[in-house]
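Working notes for the structure below.
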Amino acid sequence: MNDLNTIFAPGMFARHPDHPEWGLGQVQSNVGGKITVNFPDQGKVVFDGARIALVPVFDP
């Protein structure tokens with residue numbers, strides 16, 4: 001797992017590094033390295049934390 005992905009908790013915000021057009025997503029869950037993020041236009045997307053390093057947004 002990407003070490004940075006371990007910080008994600010429900011309610012936090014993130015961006016996808018390869019899809020900035022998805023906008024600012026809100027983390028729904030982070031369980032067993034699977035991170036679910038709800039993006040405004042893309043909807044809910046589940047990521048494998050070992051494969052994708054989401055970008056945390058601390059001041060949305």
ask   = For region 1-50, which fully contained strands (runs of 3 or more DSSP E) count at least 2 residues that are of a type in the set (S, T, N, Q) and at pLDDT 95 or above?
value = 25-31, 34-39
task = Could you tell me which numbered condition Asp48 fails, if it satisfies all but one of (1) touching a residue at least 24 places away in the same chain (Cβ under 8 Å); (2) within 11 Å of the chain's Cα centre (by Cα)?
result = (1)
inquiry  = Checking Ala53 against (1) over 10 Å from the mean Cα position of the chain (by Cα); (2) in a loop (DSSP other than H, G, I, E, B): exactly one of these is not met. Which one?
reply    = (1)
remark   = Of the residues in region 17-47, those that are of a type in the set (A, V, I, L, M, F, W, C), exposed (fewer than 12 other Cβ atoms within 10 Å of the Cβ) and touching a strand residue (DSSP E or B) at 6+ places or on another chain (Cβ under 7 Å) number 1
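The values are calculated or read from the model by the stated rules, or taken from the named source; none is laboratory data. Nothing here was measured: the structure is a model prediction, and the numbers come from that model. FYI the Cβ positions are ideal-geometry reconstructions off the backbone, even for glycines, and counts take in every protein chain you see.
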